[in-house]
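Each remark here refers to the structure printed beneath this line.
Every number here is computed from the coordinates shown, using simple stated rules; none is lab data. Predicted model, so just to flag it, every value in this text is computed and none were measured. Positions of Cβ are generated from backbone atoms using ideal geometry, with glycine treated the same way; all protein chains shown enter the neighbour counts.
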Amino acid sequence: MRKPLSELVSYQSLHTHAHDIQGHTLRELFAQKPNRFDVFSHSIDSLLLDYSKNRVTEETIDKLLALFYECEVESWRDKMFAGELINTTEHRAVQHAALRDLNDATSAMAKNQLDVLQLMGAFVEQVRAGDFTDVVNIGIGGSHLGPMLVCDALSGFAETGLNVHFVANVDATEINRVLEKLNPASTLFIITSKSFTTQETLANADTAKNWLAADEQLKNTSAKHFVAVSANVEKAVAFGIPQECVFPMWDEIGGRYSLWSAVGLSIVLYVGMPAFKELLRGANAMDEHFKKAQPKENLPVLLALLEIWNQHFLQASVHAVLPYDARLQYLPAYLQQLVMESNGKYVDRAGNPLSVPSAPVVFGDVGTNAQHSFFQLLHQGTQTVSCDFIGVAKAGHENSAQHDMLIANMIGQTQALMLGQTLEEVHDDPQLAAHKMFPGNRVSNTLLLKDLTPFTLGMLLAMYEHKVFVQGIVLNINSFDQMGVELGKNLASNLLEKMQNTDFVSDQDSSTNALINFYKKHS
Ligand code: F6P
């Protein structure tokens, strides 16, 4: 059994080292080492990671690598790729990477995937040849965020002529807003739910069913407007979707890691099968990089270790995801689930309380909008926030002047966070100088993609998946369950029963009673 993280020799050595680093600013570190970028950056294919604006020296990186080795990350990584049961609480293997290894015909999961790709490929041709114009994916969490991100990011590659829409929230406002623009006769619904028990998804699926049934001409044929993606075929069939219209999913594919599976059906219907395969190939290229590159040149490993460093030793408990490209507008929401649902745990693999922080709080928004909302705190707030800036060199449009502005803003912000502005540099009324001063010394990574294509997007997302994996191993937690979300779901079901009558509620705590009674009175 592994010792608690805080008791590992390498972790303690990082603690001591952090004291030395506290005395040095990023300004000083850049001044001391003119080639700092060359030392603290790495690029692979079409992806450049600049991590020189972190408060690290070569000694820091060596010590972080010692932590990587002491935590035996490589052995856990190999277990994951070999299909061992590393999701120990659910006794499951973790096999999303096998879905993108299109050349591997040996593993059962790879074979499953080849069959599903064939099914999806045939289905997209059938839909294209038919009368459907619009596809609505109904799903939530992992059955929503990944496909929505990818479809939005790859709208420039849409080639099937179909429009896709996404509905997740149990708030019917969302589905109503989508449906009011659509024609029932030409709308296809994909009910995407691994469990097929998720309340939000089932409620929205019922609303869709009723919407179709309300159309006189479709009343008896509405079943033709539904397909499902699920690991629970029985439940999908009970909902009214014929078994042959249920695209399979498997226990070994976690919801938040599932866009590569049939959960990506909306992606296939939007960009076509060749582009979906490119997405898988890009992710596979990152899998190979993660498996083979030296830790010092391994992007997911570096990103994971840097975040542990910032969070555990430099008090950055919040991490901002800042895509400077509108095509990546849903990346922050996707990463929130990936990081916080995977690594927001309070016990280690053996069930012992963690002696160190778990996942950082992740938030973000697109630049430059974010600059005009929360960047003030990033620059001058008292909390430390680490940042990932993500940009794409090649614009997705012809307006190069605005793209130059966008990327200049991105790089300018990383510089401002690093340098800050001293009292002397402010040159102002002494009374205001303190307010205008920036402390600087704020850390960031910059990821620059040459272009945003299905391949590079696949690489980017797989890189973040593996980053989360490495962090989970260092923390010694199981990143692949999500037991904390169950309680809230169960309590909501209990309360729903109480809300469906006019009786005054008095058997809960005083806050819950009062909230329900207020709701009943005014709803
Ligand atoms: O919120 C919990 C969760 O189980 C997520 O992990 C998952 O992505 C989401 O709900 C949706 O689950 P399902 O695909 O089973 O509907």
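Data overview
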read-out: Residue in segment 435-452 that is over 26 Å from Val150 (Cα atoms) and assigned to a helix (DSSP H, G or I) present; value: yes
read-out: Residues of segment 435-456 classified as touching a residue at least 40 places away in the same chain (Cβ under 8 Å), under 22 Å from Glu28 (Cβ atoms) and either touching a strand residue (DSSP E or B) at 6+ places or on another chain (Cβ under 6 Å) or surrounded by 17 or more Cβ atoms within 10 Å (Cβ to Cβ) (or both), total; value: 8
read-out: Residue within segment 288-305 that is closer than 21 Å to Leu114 by Cα, buried (at least 23 other Cβ atoms within 10 Å of the Cβ) and among the hydrophobic types (A, V, I, L, M, F, W, C) present; value: no
read-out: Residues of segment 244-257 classified as closer than 22 Å to Leu162 by Cα and within 16 Å of the ligand (Cβ to nearest atom), total; value: 2
read-out: Residue satisfying all of: in segment 483-498; within 34 Å of the chain's Cα centre (by Cα) and more than 16 Å from the ligand (Cβ to nearest atom); surrounded by the most Cβ atoms within 10 Å (Cβ to Cβ) among these; value: Leu495
read-out: Every residue from segment 314-370 that is without any contact (Cβ under 8 Å) to a residue 12 or more places away in the chain and part of a loop (DSSP other than H, G, I, E, B); value: Gly351
read-out: Flag if Lys181 is away from the ligand (no atom under 14 Å from the Cβ), basic (Lys, Arg) and closer than 15 Å to Ile241 by Cβ; value: no
read-out: Filter pass, Gln118 being among the polar types (S, T, N, Q) and surrounded by 13 or more Cβ atoms within 10 Å (Cβ to Cβ); value: no
read-out: Complete set of residues in segment 269-279 that are aliphatic (A, V, I, L, M) and surrounded by fewer than 24 Cβ atoms within 10 Å (Cβ to Cβ); value: Met273, Ala275
read-out: Cβ-Cβ under 8 Å pairs, at least 6 apart or on other chains, segment 141-166 side free of Cβ contacts under 8 Å to residues at least 40 places away in the same chain and under 24 Å from Glu398 (Cβ atoms), far side among the aromatic types (Phe, Trp, Tyr) and crowded, with 24+ Cβ neighbours inside 10 Å; value: none
read-out: Residue that is farthest from Ser258 (Cα to Cα) [pool: residues in segment 42-97 that are polar (S, T, N, Q) and assigned to a helix (DSSP H, G or I)]; value: Thr60
read-out: Selection from segment 405-447 of residues that are charged (D, E, K, R) and under 29 Å from Leu306 (Cα atoms); value: Arg442
read-out: Meets criteria (closer than 25 Å to Glu200 by Cβ and either surrounded by 10 or more Cβ atoms within 10 Å (Cβ to Cβ) or not hydrophobic (A, V, I, L, M, F, W, C) (or both)) for Asn501; value: yes
read-out: Residue match in segment 8-30 (condition: buried (at least 19 other Cβ atoms within 10 Å of the Cβ), in contact with a helix residue (DSSP H, G or I) (Cβ under 8 Å, 6 or more places away or on another chain), part of a loop (DSSP other than H, G, I, E, B) and of a type outside the set (Gly, Ala, Ser)); value: no
read-out: Residue satisfying condition, being within 16 Å of the ligand (Cβ to nearest atom), of a type outside the set (Asp, Glu) and in a strand (DSSP E or B), within set Val263, Val229; value: Val229
read-out: Residue pairs meeting the criteria (Cβ under 8 Å; at least 6 apart or on separate chains; first without any contact (Cβ under 8 Å) to a residue 40 or more places away in the chain, in segment 244-259; second within 9 Å of the ligand (Cβ to nearest atom) and not in a loop (DSSP other than H, G, I, E, B)); value: Val246/Val229; Val246/Ser230
read-out: Count - residues of segment 365-392 that are under 11 Å from Tyr324 (Cβ atoms) and among the small types (Gly, Ala, Ser); value: 3
read-out: Filter result for Gly472 (within 16 Å of the ligand (Cβ to nearest atom), within 22 Å of Val321 (Cβ to Cβ) and either surrounded by 15 or more Cβ atoms within 10 Å (Cβ to Cβ) or not aromatic (Phe, Trp, Tyr) (or both)); value: yes
read-out: Some residue of segment 269-289 being more than 25 Å from Asp152 (Cα to Cα) and more than 15 Å from the ligand (Cβ to nearest atom); value: yes
read-out: Filtered residues of segment 184-223 (kept if in a loop (DSSP other than H, G, I, E, B), more than 16 Å from the ligand (Cβ to nearest atom) and surrounded by 12 or more Cβ atoms within 10 Å (Cβ to Cβ)); value: Asp215, Leu218
read-out: Complete set of residues in segment 31-41 that are in contact with an Asp or Glu (Cβ under 8 Å, 6 or more places away or on another chain) and either touching a residue at least 60 places away in the same chain (Cβ under 8 Å) or not in a strand (DSSP E or B) (or both); value: Phe37, Val39, Phe40
